[in-house]
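Data block below; observations after.
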Amino acid sequence: MKKGLFSIIITSGVILTVLFLSINPAQISYAAQEPDEGITVDSEYIIPDSCGFSTYYVVVATNNTGKDIAVEADFVAKDNDGNSLYKVNDQHEAVRDGQQFIIYGQFANSRIEGVSDYDYSFEVSPTDRCAYNSVKLDAERTDEALTVSATNYSDKDLQGVGVRTVFLKDGEAVAFDTVNIADEGITFHGGSSNSQEVGMFAGNYDDYLVTYTSVQ
């Protein structure tokens, strides 16, 4: 099983599993956390959305391959007999060598009734499109959300800045949110600065973990 991707931690915290209320924690098992070909899985956990419609299976990993990579991940929810209930996909087009990243599967709860296990697999390939070094990202907490601001310090347009955020309360993950920072569609112009808000429905949290990626 290949595991990988990238990004940077702005604020760290202990990452613990939060289970959707209808799932018995004793019935949940997790994908193996063994590193493969330089990809290290640091943490993985389950977070329900605030509306109760979806469940996120979130993986935090580090790209230790020695090269920039593109990553595609398949996430599978399984029942007690090991049968597949539902499969979802996620990807990053460019992850810098040495960076930590978040990759996740979002499952509609209506599709995973009876879930007792989750599994995932990564496909990794080299890339020369990583624009991580061209971007600076800052985060500032407001009364209702977290404002993430990015600046493109290069003279080239980028395909936005993909931001992923885990929100924590007393060291426990309580919410997850993601946003893309750009100027027009997915285009983030050279020399431009822009911002977005994440976590408007995160509820009560006292810490957060932010990662980002950007592609030329």
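Based on the alpha-carbon gyration tensor of segment 60-216 and its eigenvalue square roots a ≥ b ≥ c, which shape applies: rounded if a/c is under 1.5, prolate if not and a/b is larger than b/c, or oblate?
Details: a/c = 2.14, a/b = 1.32, b/c = 1.62.
Because a/c hits 1.5 or more and a/b fails to exceed b/c, segment 60-216 counts as oblate.
Shape verdict for segment 107-146, please, from the Cα gyration tensor: rounded (a/c under 1.5), prolate (a/b greater than b/c) or oblate. It would help to have the intermediate numbers written out before the result.
On the way: a/c = 4.41, a/b = 1.27, b/c = 3.46.
In terms of gyration-tensor shape, oblate.
Report, in listed order, any pair from Lys67/Lys136; Lys78/Lys136; Lys87/Lys136; Lys67/Lys169 with a Cα-Cα distance greater than 31 Å. Spell out each step's value before the answer.
On the way: Lys67/Lys136 21 Å; Lys78/Lys136 39 Å; Lys87/Lys136 34 Å; Lys67/Lys169 35 Å.
Lys78/Lys136; Lys87/Lys136; Lys67/Lys169, as the Cα separations exceed 31 Å there.
Sort segment 75-167 into rounded, prolate or oblate with this rule: let a ≥ b ≥ c be the square roots of the eigenvalues of the Cα gyration tensor; rounded if a/c is under 1.5, and if a/c is not under 1.5, prolate when a/b is larger than b/c, oblate otherwise. Don't skip to the answer; put the middle values down first.
Values: a/c = 3.37, a/b = 1.69, b/c = 1.99.
In terms of gyration-tensor shape, oblate.
Just to confirm a number: summing +1 for Lys and Arg and -1 for Asp and Glu over residues other than Ala145 whose beta-carbon lies under 11 angstrom from that of Ala145, what do you get? Write out the running numbers ahead of the final one.
Details: positive: Arg141; negative: Glu140, Asp143, Glu144, Asp177, Glu197.
Every neighbour counted, the sum reads -4.
Obtain the nm distance between the two label points defined at Tyr86 and Asn180 by a simple spin-label model: each point lies 7 Å from its Cα along the Cα-to-C-beta direction.
2.2
Mind giving me the FRET efficiency for Glu140 and Lys67? R0 is 35 Å, r the Cβ-Cβ distance, nearest 0.05 is fine.
Working: r = 33 Å, r/R0 = 0.95.
The computed FRET efficiency comes out at 0.60.
Starting at the first residue of segment 52-61, write each ³J(HN,Hα) from the Karplus equation 6.51 cos²θ - 1.76 cosθ + 1.60 with θ = phi - 60°, in whole Hz, x for Gly and Pro.
x, 8, 9, 10, 9, 9, 10, 10, 10, 9
Tell me which residues come under 5 Å, amide H to amide H, from Thr65 once H is placed; ignore anything under 5 positions away on its chain.
Amide H to amide H, under 5 Å and 5 or more residues apart or across chains, Thr65 pairs with Gly98.
Go ahead and collect, in residue order, the members of segment 173-216 whose backbone nitrogen is under 12 Å from a label point 7 Å along the Cα-Cβ direction of Asp42.
209-212
Here, each number is a calculation from the coordinates, and none is a lab measurement. For clarity, every value in this text was computed on a predicted model and none was experimentally measured. When we count neighbours, we look across all protein chains shown, and the Cβ atoms used for this are built from the backbone with ideal geometry, even at glycine.
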